[in-house]
Amino acid sequence: MTETKVPVPTALGIGGPLIQITSSRGGRYYELSHFTGQPRVPSVTSILDGTLRNYGLEAWRQQHIERGLEAHRGKTLSAEAIDRIMGASAAEAQASADLGITMHSIIDGLLQGQEVAVPTQLEPAVQGFLRWRTRFSHWELQGSEVTVYDEVLGYAGTVDALWYDTENEHCIVVDWKTSAGLYASALMQVSAYAHALEKMLHGQGILHLGTNVRGMVVRFGNGYPQVRGQKDRSQPKLFTSSVEYAWSDNAQWEAFETCLRLSKANKGRIVTETL
């Protein structure tokens, strides 16, 4: 199985180097190169994707198929048409993912003080980000696209942005989202990042940054144009300048920890006996 390996920086330079590994099937792992035996641990998102059932996503895919079939009612379906119908949801998902990657890249450039080209489609979202940044202007950027890890529990993940709250003396891990909604899984994700970073800080005795680490998800408002009360998915997404954010809490951490246990149980060796 083909793998892509990329060195990644760690949060605040603690530990490392780490190697991010992406399999040909899309799974993501991290190699903790600075630990004996160079253990390989799953990413936070791989753990969540592998244990949480997304009923909304399943319904969305089914709706794509139903719309495609309805459009061909009374016609003979060619192999090409079937492929289009079955792949419609994947095509939309990839387009949304590409938008998310572009938005992440723009934010990262702005945080680094670079001049960035902003597509017209994303201009409202960038305005929303700048408003969010003004709201939390007392936060100091500590790094972006940095990796956190927990070698004991066995997981790692890449944080979109790491901040230090100078007023409350907290570290804040932030994840940017361009999804259709703000979901519980996203809060589980940042709670896992926050927990890992807190353990990294304690392990290094870095107390001047504070011992409390919090997680926040920031979502940029978007949706499809409406035609006769229905979303017209044939048109590009429309972004607005609205921004919603939410803090993770201990309940989300406990939920992630349960997913982590399930993930390990699913991959565990089963000892059988035969009569």
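What are the residues in the range 237-248 that are modelled with pLDDT of 95 or more and either under 20 Å from the mean Cα position of the chain (by Cα) or surrounded by 14 or more Cβ atoms within 10 Å (Cβ to Cβ) (or both), if any? Across the range 237-248, the qualifying residues are F239, S241, S242, V243, E244, Y245, A246, W247, S248. Among the candidates G128, G181, the residue that is among the small types (G, A, S) and farther than 23 Å from C259 by Cβ is uniquely G128. Summed over the range 229-254, residues that are assigned to a loop (DSSP other than H, G, I, E, B), of a type outside the set (S, T, Y) and over 30 Å from K199 (Cβ atoms) total 6. Restricted to the range 255-272, and to residues there that are assigned to a helix (DSSP H, G or I) and of a type in the set (A, V, I, L, M), the residue that is surrounded by the fewest Cβ atoms within 10 Å (Cβ to Cβ) is A265.
Test F136 against the stated conditions and say whether it is under 30 Å from Q235 (Cα atoms) and at pLDDT 95 or above. Considered against the rule, which asks whether it is under 30 Å from Q235 (Cα atoms) and at pLDDT 95 or above, F136 comes out as no. Taking the criterion of being without any contact (Cβ under 8 Å) to a residue 24 or more places away in the chain and under 21 Å from S144 (Cα atoms), the residues of the range 17-28 that qualify are P17, I19, I21, T22, R28.
Only one of the listed residues (R219, R228) is charged (D, E, K, R), farther than 23 Å from R40 by Cβ and buried (at least 19 other Cβ atoms within 10 Å of the Cβ). That residue is R219.
The values are calculated or read from the model by the stated rules, or taken from the named source; none is laboratory data. The shown structure was predicted, so the numbers you read here are calculated from the model rather than taken from an experiment. Don't worry about glycine lacking a Cβ; one is built from the backbone with ideal geometry, like all the others, and counts go over all protein chains shown.
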